[in-house]
Amino acid sequence: MPIHDQSYRHYRGNRARPGAAWAVIAWAGIRALLARRLVLALLVFAWVPFLVRAVQIYLSVNFGEIALLAPTAETFREFLEQQRLFVFFVTIYVGAGLIANDRRANALALYLSKPLGRTEYVAGKLAILFAFLLFVTWLPAMSLLGVQMVFSGSAEFVARNLFLIPAITLLAGLQVLLASLTMLALSSLSTSSRYVGILYAGVVLFSDAMFQALRAASGGSMAAWVSVTANLDQVGDVIFRLPGRYDTPWLLSAVVTLGLLGLSIVVLERRVRAVEVVT
Amino acid sequence: MPSFWAGAARVFDVSLGEMLWSRRTVFMALVTGGPVLVAFVVRVAFALDLPAFRVNDLVVSGPTIFGLMVWVFFLRFTVPVLGVFYGTALMADEVEDRTITYLFTRPIRRGAVLMGKYLAYLACTGFVVLPSVMLIYFLVVPSRGGSLAAGFPSLLIDLALLALGLAVYGAVFAFVGAWFRRPLLMGLVFIFGWEPAVVAVPGYLKQFSIAHYLQGLVPHAIPQDGVVSLLAAVFREVPSTASSLFWLAVIWAVAVLLAVRAVERREYVLDQ
Amino acid sequence: MTAPLVAEHLSKWYGQVIGLNDVSVTVPPGVTGLLGPNGAGKSTLLKLMTGQLKPSQGRVLVLGEPIWGNPALYLRLGFCPEQDAFYDRMTGLEWLTALVGMHGLERDAAEASARRALGAVDLLEVADKKIGAYSKGMRQRVKLAQALAHDPDLLILDEPLAGMDPIARRRTIRWIRDWGRQGKSVIVSSHILHEIEAMTSNICLMHNGRILAEGDVHHIRDLIDEHPHKVRVRAEQPRALARELLAEADVLSLTFESGGIVVETAEPDAFYGRLTALAASGTHGAIDEIDSPDDNLQAVFAYLVK
């Protein structure tokens, strides 16, 4: 009679290659968030401006006399600017708890005790926010370009403004990267997602309030570099080949934006650790 | 058993210290220290008579800058943000930290717990915001022909207005925090989505905002420049002082009553 | 004498999850143990008893009155919650004084009561230390102190021994027994039978949101003695401790774990007695933690459910 081994059997199946674990975190996070009705409502609502713009394009194509409605390269720039409101709310709702909740539940130690590096953990979390934010910025902007082609029945507009494809991609990417990295860095600083949410809103809006006050007092917009959103506006104008709207040199705005990204990475590097060393 | 107000006073005692020495103090220092920093920069620029601080070659007076800063920084930013931040957290902090049990198993009404924490919020934010405004006043107003003595009554009105703003926004968001499961997003949508939108749109919708009534009490002329030019247009529909005070009192009372009622009826299930 | 606690057809559900299912029980005066494995519904029942939750169905009477929305009743009720949550920046004395102050006492009287309560749980020496700097055992004790500082008639204690070292456990068990003797009614929850047994003979056995049995522990004891009892001991010198324990016949088996041992014994009473004496003597190094896995209790539940 054969005697079968009754002891524990180790997993002998395939394993994902090292460095791919971030995708597991990203998928799990995206699925969990999509199960929330409020997230879905926010995402659907974020596409309302797309519908309005699509109607605008339809009218301009079918009723040539309404020249005012005809889309230009600036239309797409304005569209991305409008989406900033949704970027703000999605970032807060989706992003605030991404690391803070793990810190609250002491789950960081658990994550990092797996074959998973800190970079992969951050990349996984970043991918969650990235996915949602691209869904409300890059995707509708590119779809709008597609809508223009479909409604007009020709690729003439797109061919004439071919730079729009990289411009939309670059600006949406920058907008999303800045929001995601800043939010993740703030999320790593606290165990309370509410606190993180308000901190993010505070940083974005307070820097803008500072700029507005300095602008009103000085009568010029040299101080635009103190505002997170004004810097993005200034760089965005350059990306879309438009004249900058503020007196601050666009290069300074770009440097400040990159500085903020760098600062966020430094914060993440210091805060995302399995154990906190108290000195 | 202690009365409602005696209970609230005891909760106030416990909560004030907790609020003052919490991590939020860092945030508060940021939102109230920033304007002071700007005021300092403006004062230095005025002293050096820098050309950047002239509008169309005209000098902007100290009192005008002060009025602008009170409006841009405090009424439109700091007061609503602190209202959302603290108001929505009055109960949520205790629930998240799982310390609410100690307060809810005492012989005081749950509403008194909320009231005590609300009063602590008022004291805490008042202690930080009002001195910051006074500091800005002393830094900015004496420049370019402004007089500290002449502007003093308007400073007092500003301080009272800010205290009123903190009270009303705090009460509304205390209710939001007590009633809704995700109050922060709702609060942010209200102050940065709803209020700016309805205040800018002509018609009666603006009556469903707090900012509209606070505008009616602003003692300064709102500057006619940049972002605030929109508000200048709004000012044409500004309510009277009496009407503003009346409606702010109504909003405050209704919000406080609803918040107390919500806390008394709601079950708080703590995370294990 | 009025029963300190009566539950009639009490049910509580959270959405579609049932926390408590049609529980009817009368808790007599004295010390009563509420016993059940994790997830049995003990905490839900205690939260309903302390008015933190509102019954979905049925009613609960505490000292003859409904508790939900009745804050006056907290003058006579003290509650020690399970969670390890505090205002860490306050000292033990400040915290207790503030909480007792909510019972309507003037500041001086509140501080005197707070000091008395801290003394009752041996914390007077660290009364002026911040709670954040307390050890786990001290935090458990300061929680007990806040529950009894206002001298309540009924004490409800949710897992009060969790995280305590053996000596603190023994002391706390003694206090609870004493409070019962002083005429207070005490309801204590735990998932460890022998702990409850050391405090009282009157128990309520819970499982899956229902009361399985109530009454004298000796009956339950007979059932559990049919099953070997597992005890996990975390100690400084596990091997030395193992040598000592194996010398006695009541130890059926022993396995080593990282930093400790798991012992299977046929006579838990005798075993716990020896273990506590060993901990007190310190001859085999410090004994840091004693824990009894649920397995045995679970076996009794399985037996009772049949």
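Read-outs throughout are calculated quantities, based only on the coordinates presented, and are distinct from any laboratory measurement. Everything numeric here is computed off the predicted structure, so don't read it as measured data. In this analysis, Cβ positions are derived from the backbone assuming ideal geometry, glycine residues included, and neighbour counts consider all displayed protein chains.
Using 7 Å Cα-to-Cβ label points, what is the B:A253/C:R170 separation (nm, one decimal)?
That separation, rounded to one decimal, is 6.5 nm.
Compute the FRET efficiency between A:L252 and A:V150 as 1/(1 + (r/R0)^6), taking r as their Cβ-Cβ distance and R0 = 45 Å, and round to the nearest 0.05. Working shown, then result.
On the way: r = 40 Å, r/R0 = 0.90.
Between A:L252 and A:V150 the formula returns 0.65.
Shape call for chain C from the C-alpha gyration tensor, a ≥ b ≥ c root eigenvalues: rounded (a/c under 1.5), prolate (a/b greater than b/c) or oblate? Could the numbers behind the result be given before it?
Numbers: a/c = 2.08, a/b = 1.20, b/c = 1.73.
Since a/c reaches 1.5 but b/c is at least a/b, the shape of chain C is classed as oblate.
Work out from phi, with θ = phi - 60° and the Karplus expression 6.51 cos²θ - 1.76 cosθ + 1.60, the ³J(HN,Hα) of each residue of the stretch A:202-208, listed in order in whole Hz, and give x for Gly and Pro.
In residue order, the calculated couplings are x, 4, 5, 7, 5, 5, 5 Hz.
How shielded is B:190-201 by partner chains, expressed as the average number of their Cβ atoms within 10 Å of its Cβ atoms? Kindly include the intermediate steps, with their values, before the conclusion.
Numbers: counts 0, 2, 6, 3, 0, 0, 0, 0, 0, 0, 0, 0.
Averaged over the peptide's residues, the number is 1.
Taking only Cα atoms, what is the 0 to 90° angle, nearest 10, from helix A:21-34's long axis to the longest principal axis of chain A?
Relative to chain A, helix A:21-34 is tipped by roughly 70 degrees.
Which of A:N14, A:N231, A:N101 moves the most in a Gaussian network model of chain A with Cα springs under 10 Å?
A:N14
Based on Cβ point charges of +1 for Lys and Arg and -1 for Asp and Glu, what charge dipole magnitude is obtained for the stretch A:137-253 about its Cα centre, in debye rounded to the nearest 20? Working shown, then result.
Working: 5 positive and 5 negative charges, 17 e Å.
Its charge dipole is roughly 80 debye.
What FRET efficiency comes out for C:A109 versus B:V269 if R0 is 30 angstrom and r is the Cβ-Cβ distance? Round to the nearest 0.05. Could you put the intermediate results ahead of the total?
On the way: r = 35 Å, r/R0 = 1.15.
So, using R0 = 30 Å, E works out to roughly 0.30.
Could you work out the equivalent-ellipsoid semi-axes for the protein assembly as shown, taking the square root of 5 times each eigenvalue of the Cα gyration tensor, largest first, in whole Å?
Semi-axes (√(5λ), whole Å): 58, 35, 25.
Using the structure shown, select from C:K143/C:K184; B:K117/C:K129; C:K12/C:K42; C:K12/C:K184; B:K117/C:K184 the pairs with a Cα to Cα distance greater than 23 angstrom.
On the way: C:K143/C:K184 18 Å; B:K117/C:K129 25 Å; C:K12/C:K42 12 Å; C:K12/C:K184 28 Å; B:K117/C:K184 33 Å.
In this structure, B:K117/C:K129; C:K12/C:K184; B:K117/C:K184 lie more than 23 Å apart at Cα.
From other protein chains only, count the Cβ atoms within 10 Å of every residue's Cβ in C:90-99, then give the mean.
Working: counts 4, 0, 0, 0, 2, 3, 0, 2, 9, 6.
Mean shielding count: 3.
Starting from the Cα of C:D151, step 7 Å along the direction of its Cβ; do the same at A:K114; then give the gap between the two resulting points in nm.
Taking the simple label geometry, C:D151 and A:K114 are separated by 5.6 nm.
Can you tell me the 0 to 90 degree angle between the C-alpha axis of helix A:138-152 and the longest principal axis of chain A, rounded to 10?
Tilt relative to chain A: about 50 degrees.
Is the shape of the stretch A:21-271 best called rounded, prolate or oblate, per the rule: a/c under 1.5 gives rounded, else a/b larger than b/c gives prolate, else oblate, with a ≥ b ≥ c the square roots of the Cα gyration tensor eigenvalues? All intermediate terms of the calculation are to be shown ahead of the outcome.
Details: a/c = 2.18, a/b = 1.40, b/c = 1.55.
Note, shape of the stretch A:21-271 comes out oblate.
With a length cut of 24 Å (Cα positions projected on each helix's long axis) and a Kyte-Doolittle mean of at least -0.5, go through chain B and give me the DSSP H helices that pass. Could you put the intermediate results ahead of the total?
Values: long enough: B:24-48 (36 Å, 1.82); B:110-140 (45 Å, 1.58); B:148-179 (45 Å, 1.89); B:241-265 (36 Å, 1.51).
Both cut-offs are met by B:24-48, B:110-140, B:148-179, B:241-265.
With a/c under 1.5 counting as rounded, go ahead and sort the stretch C:34-92 into rounded, prolate or oblate using the C-alpha gyration tensor (a ≥ b ≥ c being the square roots of the eigenvalues; past the cut-off, prolate if a/b is larger than b/c, else oblate). Can you show the working numbers first?
Values: a/c = 2.31, a/b = 1.24, b/c = 1.86.
Oblate is the answer for the stretch C:34-92, as a/c is 1.5 or above yet b/c matches or exceeds a/b.
Show the residues, 5+ positions off or on another chain, whose built amide H is closer than 5 Å to the amide H of C:L157.
C:C80, C:I187, C:V188, C:S189
Calculate the translational D of the stretch A:165-279 in whole µm² s⁻¹ from Stokes-Einstein, where the hydrodynamic radius comes from the Kirkwood formula applied to all Cα pairs, the temperature is 4 °C and the viscosity 1.567 mPa s. Before the final figure, lay out the partial values.
On the way: Rh = 15.3 Å.
My calculation gives 85 µm²/s for D.
By average Cβ neighbour count within 10 Å, what is the ranking of A:28-36, A:184-192 from highest down?
Working: A:28-36: 13.9, A:184-192: 23.1.
So the order, starting with the most tightly packed, is A:184-192, A:28-36.
What whole number of Å gives the distance from the Cα centroid of the stretch B:97-134 to the Cα centroid of the stretch A:102-125?
If we compute the Cα centre of each part, the gap is 35 Å.
If we count other beta carbons within 10 Å of each Cβ, what is the order of C:M90, B:M69, fewest first?
Numbers: C:M90 19, B:M69 24.
Final ranking by Cβ density, sparse to dense: C:M90, B:M69.
Output the relative contact order of chain C, whole-number percent, from Cα pairs under 8 angstrom with separation of 6+ residues.
20
Could you grab the Rg to Rh ratio for chain B? Cα atoms only, Kirkwood for Rh. Could you put the intermediate results ahead of the total?
Numbers: Rg = 20.0 Å, Rh = 19.8 Å.
Radius of gyration relative to Kirkwood radius: 1.01.
Report the antiparallel proportion of the DSSP beta bridges in the protein assembly as shown as a percent, rounded to a multiple of 5.
Antiparallel bridges make up about 70 percent of those DSSP assigns within the protein assembly as shown.
If I histogram all Cα-Cα distances within the stretch A:116-237 using bins 10 Å wide from 0, what percent of pairs lands in each bin?
12, 30, 30, 21, 8, 0
For chain C, with a Gaussian network of springs between Cα atoms less than 10 Å apart, report the residue from C:L46, C:L155, C:L105 with the top mean-square fluctuation.
Largest GNM mean-square fluctuation: C:L105.
Test of understanding: in a Gaussian network model of chain C with alpha carbons linked when under 10 Å, which of C:I261, C:I187, C:I203 would top the mean-square fluctuation ranking?
Fluctuation is largest for C:I261.
Give the separation of the Cα centroids, the stretch C:1-72 to the stretch A:197-213, in Å.
Centre-to-centre (Cα) distance: 48 Å.
Check which residues have an amide H placed less than 5 Å from C:H207's amide H, if you skip close sequence neighbours.
C:L212
Below 8 Å, C-alpha to C-alpha, sequence gap of six or more: please give me the relative contact order for the stretch A:152-268 in percent.
Numbers: 107 pairs, mean separation 30.4, N = 117.
This gives 26 percent for the stretch A:152-268.
Quick one: if the Förster radius is 45 Å, what FRET efficiency do C:Y14 and A:Q82 give, using the C-beta to C-beta distance and rounding to 0.05? Present the calculation step by step, with values, prior to reporting the outcome.
Details: r = 41 Å, r/R0 = 0.91.
Plugging the Cβ-Cβ distance into 1/(1 + (r/R0)^6) gives 0.65.
Counting alpha carbon pairs within less than 8 Å and at least 6 residues apart, what relative contact order, in whole percent, applies to chain B? Walk me through the numbers on the way to the answer.
On the way: 328 pairs, mean separation 74.3, N = 272.
Dividing the mean separation by the residue count of chain B yields 27 percent.
Hey, what number do you get for the protein assembly as shown at 222 nm if only DSSP H runs of n ≥ 4 count, each worth -39500 (n - 2.57), divided across all residues, to the nearest 500? All intermediate terms of the calculation are to be shown ahead of the outcome.
Working: 37 runs with 490 residues, N = 857.
Roughly -18000 deg cm²/dmol at 222 nm, from the helical runs in the protein assembly as shown.
Share of Cα-Cα pairs in the stretch C:150-280 beyond 17 Å, in percent?
Working: 5422 of 8515 pairs.
Summing the P(r) tail past 17 Å for the stretch C:150-280 gives 64 percent.
Please go through the stretch B:1-104 and write out the chymotrypsin sites (Phe, Trp or Tyr not before Pro) that DSSP classes as loop and that have at most 14 other C-beta atoms within 10 Å. Provide the component values of the computation, followed by the final result.
Working: sites: B:F4, B:W5, B:F12, B:W21, B:F27, B:F40, B:F46, B:F53, B:F66, B:W71, B:F73, B:F74, B:F77, B:F85, B:Y86, B:Y102, B:F104; in loops: B:W21.
Here the sparse-neighbourhood loop sites are B:W21.
Per residue of C:47-59, what is the mean number of Cβ atoms on other protein chains within 10 angstrom of that residue's Cβ?
Numbers: counts 5, 0, 0, 3, 3, 8, 3, 3, 0, 0, 0, 0, 0.
That average works out to 2.
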